[in-house]
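A short reminder: the numbers here are calculations on the coordinates, not readings from a lab. Please read these numbers as outputs of a predicted model, since none were measured by experiment. Don't worry about glycine lacking a Cβ; one is built from the backbone with ideal geometry, like all the others, and counts go over all protein chains shown.
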Amino acid sequence: MITTPWDAASPLYKKLVVASMSLSLLGIVLAVVGAAGGNRSLMYTAVGILLTGVVLHVVGLVVRGRDVKTFRRDNPPTPRR
């Protein structure tokens, strides 16, 4: 029996989630370092990296929705009696 949504997730979804979280973390760290050092070019680079992380997150949501739709089509719910 599958106990968590992560266990049921496709490998593509898992890769997208990990990549999205990694890029978001990198963007946050670069933004903080750039702000602390007054380096505007580093801060703008951090914003681009953060936006890439957000886009990957949205793509992951689309992939997860596609996976759930396919699962539901292949395994229709049975009515309870």
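Points to keep in mind about this one:
- Extents of the chain, largest first, come to 66, 22, 20 Å (Cα atoms, principal axes, whole angstrom).
- For the pair residue 15 and residue 73, a Förster radius of 22 Å applied to the C-beta separation gives a FRET efficiency near 0.40, rounded to the nearest 0.05.
- Given charges at Cβ of Lys, Arg, Asp, Glu: the chain dipole, positive-most of 6, 27, 17: 6
- Charged-residue dipole, Cβ positions (Lys, Arg, Asp, Glu), the chain about Cα centre, Debye nearest 20: 420 debye
- Charge dipole of the chain about the Cα centre (unit charges at C-beta), most positive-ward option of 62, 75, 41: 75
- The range 10-17 - phi-based ³J(HN,Hα) in whole Hz, Karplus 6.51/-1.76/1.60, Gly and Pro as x: 6, x, 5, 4, 4, 5, 5, 5
- Counting all C-alpha pairs of the range 1-47, share separated by more than 12 Å (%): 66 percent
- Relative contact order of the range 11-69, defined on C-alpha pairs under 8 angstrom at six or more residues apart (%): 45 percent
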